[in-house]
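Reading through the structure tokens given below for one structure.
The values are calculated or read from the model by the stated rules, or taken from the named source; none is laboratory data. The structure presented is a predicted model; accordingly, all values stated were derived computationally and were not measured. Don't worry about glycine lacking a Cβ; one is built from the backbone with ideal geometry, like all the others, and counts go over all protein chains shown. Just the protein is used for accessible areas: all its heavy atoms, side chains included, with ligands, DNA and RNA removed. Shrake-Rupley method; radii C 1.70, N 1.55, O 1.52, S 1.80 Å.
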Amino acid sequence: CAAAGAAVGALALAALAVLVALFALRPMERVGDAIAARQVVAGTMGALTLVAGGSILVAVVITIILIPFTLIGLLLLALGTIYGWMVLGLITGERMAHLFNQEWSGPMCAGLGTLVVSLAANLIGIIPCVGWLVVAAAAFLVLRGPRREWSTSSPEALAAYGRGLEDLMRYYREDAHH
């Protein structure tokens, strides 16, 4: 029955990844690009955040009066971890689309990638004592694949910069009229 629970959890996380990608695909892509560019630094920062955040929350809960802040901190730590997992799913989905020579939408990449990453992590995590280590190594290897390379002089980068600048100016113009 544990396998069914893991499958349901993976499906729920994949559905959440699709929803998040529908509303916040650009931030997910930015985080994904940062992770793909510096895998070791990103992994170290994630692990350090979990360890340091957990330690700080334990220290705060000792004071008893700050227990509500500990609950908020736990929620934020969990949300950050889930967001990072969904971004890893987005990266995996993009790599899967590239592998199959397909053009998938961002939400589809996020959903399928998160489903695959979650199911694989649950399957490998069954191995006692070293399952988490294998999952971490597999995540590192997935991130070593091909990624978009832009330079500041590329036409794609200049076009993206122009679109971003136009969107920013449109936002400020709309804000000024209200």
Which one of Ala2, Ala6, Ala36 is open to solvent by 50 Å² or more (accessible area, probe 1.4 Å), among the hydrophobic types (A, V, I, L, M, F, W, C) and at pLDDT below 90? Ala2
Flagged pairs (Cβ under 7 angstrom, 6 or more apart or on separate chains; first in the stretch 79-99, among the hydroxyl-bearing types (Ser, Thr, Tyr); second open to solvent by less than 70 Å² (accessible area, probe 1.4 Å)) are Thr92/Gly113; Thr92/Val116; Thr92/Val117; Thr92/Val142
When you scan the stretch 80-97, do you find a residue that is under 23 Å from Ala14 (Cα atoms), open to solvent by 80 Å² or more (accessible area, probe 1.4 Å) and at pLDDT 70 or above, even just one? no
